[in-house]
Every structure is written in structure tokens, then in C-alpha cells.
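All remarks here apply to the structure that follows.
The values are calculated or read from the model by the stated rules, or taken from the named source; none is laboratory data. Please read these numbers as outputs of a predicted model, since none were measured by experiment. Positions of Cβ are generated from backbone atoms using ideal geometry, with glycine treated the same way; all protein chains shown enter the neighbour counts. Quick note on the areas: whole protein, heavy atoms, side chains included, nothing else; ligands and nucleic acids left out. Shrake-Rupley method; radii C 1.70, N 1.55, O 1.52, S 1.80 Å.
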Amino acid sequence: MNKWCAGMLAAALMMVFAPGRSASAADPVKIGFLVKQPEEPWFQDEWKFASMSAQKNGFTLVKIGVPSGEQVMTAIDNLHAQGAQGFVICAPDVKLGPGIVAKARAHGLKLMSVDDRLQDGKGQPIESVPHMGISAYNIGKQVGEAIAAEIKKRGWNPSEVGALKISYEQLPTAHDRAQGAIDALKAAGFPVANLVDAPQAKTDTENAFNAANIAITKHPNFKNWVAFGLNDEAVLGAVRAAEQRGFAADKMIGIGIGGSRAATNEFAKAKPTGFFGSILISPKRHGLETSDQMYLWITKDQKPPMLTLTDGMLMTRSNTTEVRMAMGLDANP
Ligand code: FCA
């Protein structure tokens, strides 16, 4: 083989084995943070904390809302074109996992998931992608325990109480959260027959409202209601639907998950609503810590922990500030 051939071969090999934009130590660090529902306060808070990491570490953060699979794929291409080295993602559908992994790899981009863990073609978590999520089942149990305690405190007869499960079964973290709540209610002696499934088509307040509205109409026998689901938006939808049907704060106990503005705005209302509480989870850990980890991975080749599951704390109207401070957050979101 002459020199020219060898050179061509080496160049071809480099193209095959190093398809990403080759990053050198001098390249400015650019990290993407892709979220499925940019309008949701939880994700805005995640972005806020990711921006803090960017400021602290001196990298450029690229925030992209990706409500569809198509937008995810375009966003990853754009990140590559802009010279990013990695990204953190909460995908609109965990089944996009294999496609996201393949595209990240093709572009030589480091990949971490947050909140919703990516799945492979068999519905199993993709364990090779570092992930930070909430300890969904345990947090669901906290919801169920708090609902059961409040039913008892109010002296309600459980046989007259309907329990609305605002469900979104295709998302594993949604399933696990609801299952935790159901198991805790059962353990507290709540009648299983009074559990009412209200599937939502999308994970926002409007779809939760529609789901709850149908379920409540179908069960006129209950005197009081309780509600739980994936997040604060799910429970807020249920609370608004219950209000419309005459179940106000004295006849409804809704406990959400999240604790961002969606919940604190509700607690700030002069008159209590059926939105009794929320398990506050940490947008700081999910936004700042994941971004810090991605930065260290890119700059120091330090791989993030493969799985981190974060906790939550019950927050109600009466202890919003204390609980937020205890979780290392500012008094107000
Ligand atoms: C999921 C939910 C969000 C938030 C997050 C931690 O992505 O859709 O509302 O609860 O998990």
C-alpha cells in the first residue's frame, strides 16, 4: 500500500469510527437540556436550575422543548450541528429510547435521561444510559398515606369515598407512582372497590380534567372524593372537575406530586381548594445535578452514576415555606 492509499484509508476509518464532531479540550462546552412539556412549571424549574449549572461551570446551555418524537430527533441533529457534546433529556415517549440512543451515538453526543427513564424495544429500561428519576413507588406511597391520614382526620366513612386514580399507564413512572398510592390506601384499609380508574390521554391538567369529569359523573354514589396521579397537573384537573360537580375543599382530598408553582399557586389562594397537598420533589437535583454531571462527563470523562432516585416531602398550605427550605429550595418557586 502506498502512502496515498494509507492516508485515504486512515481518513475513511476516522469517518467510520469518529462520526461525531471531534471535540477537543479547547472547544467551548455546550449541553442540551430537552424536555417533553416546556409549558409545565416542573420543567421550567428544571431548566432554571440547569441554567445555574451552566453559569457556575461556564458552559452554554441549549434548552429545547420536545413534545413529539420528530422534534426530539431534529433537536439532537441541531445540537450536533451547533457543536454540543452532550444532552440531558426527558423524552415525550420513553419508547423512543432506542432511536434516541442511536442518534446520540451517531453524533458522538453523551446522553443522560431525567425524570422518565428510556425503554428498549422490549419495554425494559435502557440501563446503559445514566438516569436520574424520582423514587416513584415510594413517593406514590407517601401520597396514599397522606390521603388515608386526611380521610381519617376528617372522620369520613371510607365506604362513601371514591378514589380517583388519574392514570397514564404507558409511562412507567406514572404507573409506579399510582401503584404506590393504591397500595398505601389498601394498607390503610381503604375499600378496593371504591378505586375508580380515570385514564388521561395526555399528561396535562386539561386531559386530567376530562378524565376525572367522566369518572365522577359515572359514580354518583360517592359522598366524597380523593384523587392522585402522576403529578400536580393530574390532581389539579381532578380537583377542578370535582369542584364543578359540587365537591369543594370539604369533600375532596387531592394530593399531587411536584410541588412547583402548579401547587404553590393553589395553596396561595385565599380559600382552600380540594388540592390538599403535593409531594415536593427536587427540580434542583434534577436540573442542576444532572447538568453538573453531564459537564463533568464531557470535561473530565467522569461518568455519572447510572441510576439516581430522588425523594420527596409532603407539602400542604400550612407548611409550604418550611418544606421548600428543607428540600434546599427558595421559599417561593
Ligand atoms: C414526569 C412527569 C413530570 C414530573 C417528572 C418528575 O416526567 O410528567 O410532571 O413529575 O416526571
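For this structure, a couple of remarks:
- Residues in the stretch 315-333 that are open to solvent by 60 Å² or more (accessible area, probe 1.4 Å) and within 20 Å of P272 (Cβ to Cβ): 5 in all.
- Any hit, the stretch 173-183, residues being under 16 Å from W42 (Cβ atoms) and of a type in the set (A, V, I, L, M): yes
- Residue within the stretch 195-210 that is more than 29 Å from T310 (Cα to Cα), at pLDDT 95 or above, in contact with a Ser or Thr (Cβ under 9 Å, 6 or more places away or on another chain) and open to solvent by 10 Å² or more (accessible area, probe 1.4 Å) present: no
- Number of positions in the stretch 226-248 that are part of a loop (DSSP other than H, G, I, E, B), in contact (Cβ under 8 Å) with a residue 24 or more places away in the chain and more than 21 Å from P41 (Cβ to Cβ): 3
- Listed by position, the strands (runs of 3 or more DSSP E) enclosed by the stretch 127-225 that each have at least 3 residues that are more than 16 Å from the ligand (Cβ to nearest atom) and either in contact with a Pro (Cβ under 7 Å, 6 or more places away or on another chain) or on the phi < 0 side of the Ramachandran plot (or both) are 161-167, 195-199.
- Where a residue in the stretch 69-87 is within 20 Å of P304 (Cβ to Cβ) and its partner, wherever it lies, is surrounded by fewer than 23 Cβ atoms within 10 Å (Cβ to Cβ) and of a type in the set (D, E), with Cβ under 9 Å and at least six apart: Q85/D27
- Any hit, the stretch 239-248, residues being open to solvent by 10 Å² or more (accessible area, probe 1.4 Å) and under 26 Å from the mean Cα position of the chain (by Cα): yes
- From K284, K269, K303, K251, residue being free of Cβ contacts under 8 Å to residues at least 24 places away in the same chain and open to solvent by 60 Å² or more (accessible area, probe 1.4 Å): K269
- Options S128, S113: the member that is open to solvent by less than 50 Å² (accessible area, probe 1.4 Å), of a type in the set (G, A, S) and over 24 Å from A212 (Cα atoms): S113
- Applying the condition of being among the β-branched types (V, I, T) and without any contact (Cβ under 8 Å) to a residue 60 or more places away in the chain to the stretch 173-206 and asking which residue is farthest from G140 (Cα to Cα) yields T205.
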